[in-house]
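The values are calculated or read from the model by the stated rules, or taken from the named source; none is laboratory data. What you see is a predicted model; the values in this text were computed from it and never measured. Using ideal geometry, Cβ is built from the backbone for each residue, glycine included, and neighbour counts are taken over all protein chains shown.
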Amino acid sequence: MFDPTAFDNMKVVLEGSLYDLDLSGEIRIVNREDIVNLAKMDREFSITFCTKKLEHKDIKITYKINSSGQELYNELLLEREDSGCYCTIIIDGDKWLNKEDLNQSSMFFQKYYPYETESWVEETTISRKDSIENKTSLIVKPIDKITEERIELLEDLLLATLDILKWQEKQVYKKGSLNEY
C-alpha cells in the first residue's frame, strides 16, 4: 500500500464533500473527470454540479484541482511538506445569467479567500434550430496553491459555492425563467 499524495487527499475531500451534498439532495453532480498525463505525471480532477432547480437551465459550477509532475517529485522524492494543488472554479450560465449576476456571484468568494482576477468567457452559438444562445462563464482562481495544511479551504470554497447557487436560484425565479419548464 502507498501513502496518498497531497493531491489524492484533497481530491478525496472535495469529492466526498460534493457526493455528500448530492446524496442529501442539495446538489446534483452532472460530470466528473480524473485525468493523469502519464508523460509529465500531471494530474487533474474536475467535478461539475448544479442544483436540481437549475439543472435544466445549464447553470453549473465546475471545480478543477490540478497538480504538476514537479509537485509530485517535490513531495515524494524531496519530501517537501508544502506540496499541494491549484484550484479553479468555473461558473457557467446560459442566457439566464449575465455579467452582473456572475459578478455578484464572485463576491461570495471574497469572504473566504482572495482570488485572481476574474476571467470572463462569452460565447455566442447558433443551434440547429437557428436560435442564438449566449453562454457566460466566470473563472475564479485562488491565488495560492492549496496545501494539506489548508485543506479546509476547499470546504470553505464549497460553502461559498452553495451560497452562489442559492442566490442564482433566486435570480432565475425573479426573472420568471423557471416557469417555462
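Here are some notes:
- Candidates MET1, MET41: the one that is farther than 15 Å from LEU165 by Cβ, more than 18 Å from the chain's Cα centre (by Cα) and modelled with pLDDT under 80 is MET1.
- Pair list, Cβ under 8 Å, 6 or more apart: region 1-20 residue closer than 17 Å to THR62 by Cβ, other residue of a type in the set (S, T, N, Q): none
- Residues being modelled with pLDDT under 80 and part of a helix (DSSP H, G or I) - total across region 144-164: 1
- Residue check for SER17: out of contact with any Gly (no Cβ under 6 Å at 6 or more places or on another chain), modelled with pLDDT under 90, in a helix (DSSP H, G or I) and small (Gly, Ala, Ser): no
- Of all residues in region 131-143 being at pLDDT 65 or above and more than 24 Å from ASP8 (Cβ to Cβ), the one that is nearest to the chain's Cα centre (by Cα): ILE139
- Taking the criterion of being in contact with a Gly (Cβ under 9 Å, 6 or more places away or on another chain), among the acidic types (Asp, Glu) and either within 20 Å of LEU157 (Cα to Cα) or assigned to a helix (DSSP H, G or I) (or both), the only residue of region 36-74 that qualifies is GLU71.
- Of all residues in region 20-35 being assigned to a strand (DSSP E or B) and not acidic (Asp, Glu), the one that is farthest from ALA160 (Cα to Cα): ILE35
- The single condition among (1) exposed (fewer than 13 other Cβ atoms within 10 Å of the Cβ); (2) within 30 Å of TRP167 (Cα to Cα); (3) modelled with pLDDT of 90 or more; (4) of a type in the set (Lys, Arg) that LYS52 does not meet is (3).
- Residue within region 111-126 that is hydrophobic (A, V, I, L, M, F, W, C), more than 23 Å from ASP34 (Cβ to Cβ) and either modelled with pLDDT of 65 or more or touching an Asp or Glu at 6+ places or on another chain (Cβ under 7 Å) (or both) present: no
- Test result for ILE90, within 17 Å of the chain's Cα centre (by Cα), of a type outside the set (Ser, Thr, Tyr) and modelled with pLDDT under 85: yes
- Selection count, region 67-80, where residues are touching a residue at least 40 places away in the same chain (Cβ under 8 Å) and surrounded by fewer than 21 Cβ atoms within 10 Å (Cβ to Cβ): 3
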